[in-house]
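Written out below as structure tokens is the structure these notes cover.
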Amino acid sequence: MKSMILMCAMLLGAIAANAKGNQNMGMSGTPALPGKNMPTYQSTTINDSASMAYQQAHNTGTLSDFPRLHPLIVHFPIVFIILAFIVQIISFFVFKRELSWVSLFLIVLGFIGAYISTNLLHGGDPDLPALGEIARRTFEKHEQFAHYTEWFSGIASVAKIISHFVFKRKLWTGIIVAILMAGAVYAIAVTGDMGARLVHIDAIGVQGNRIPLHDTD
């Protein structure tokens, strides 16, 4: 009991000291503005036409200005496929029948989402001739693993249906399904990583940079 009281007293003392230090800093002078002493980075890939398209898009405000449907849909298969794999693993230990139904619906929904985001709501390709070699390879890998995700999740869906209805959730069929789901999880993780690199490193899509000015979905 004494040790708990001592720990609480020390914690309160630390909080009070920290609050007093922040107050003194505010009274002694104006704190530095965020990013004042930090280096600033200017993307050289965003040209005038892209900036103009960016301004025009803000004026019109329609979905056809930029391909926004792809990033709007693509997060669904990411969540569904990952959850399907997790639920499939848990179903080996508890609530086998109930969780088998859950993982079945999740992987089927994940496949549908992957197919739609890869084929129907693709969003258009960037201006490939204008890309550098590294950015082009990143984009090609992004596309390649997007199709891998589609295939892995599709095959996993078929395998899960067979495992659930034909083999009545036998362990060895469940393991095969889990392996296929793991492949889909890996593929979609690489796809997302390559997509993030394209946006945050290569600035593709930033202010309309190097993307079609209409939705090709």
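The values are calculated or read from the model by the stated rules, or taken from the named source; none is laboratory data. What you see is a predicted model, and the numbers here were worked out from it, not measured in a lab. Methodologically, a virtual Cβ is constructed for each residue, glycine included, from the backbone with ideal geometry; neighbour enumeration extends over all protein chains shown.
Determine, yes or no, whether Ile162 is of a type in the set (A, V, I, L, M) and either modelled with pLDDT under 95 or within 18 Å of Ile89 (Cβ to Cβ) (or both). Answer is no for this residue. Of the residues examined, Ala130 is one that is at pLDDT below 95 and among the small types (Gly, Ala, Ser). I'm trying to understand the selection: among the residues of region 171-210, which are in a loop (DSSP other than H, G, I, E, B) and modelled with pLDDT of 95 or more? Result: no residue meets the conditions.
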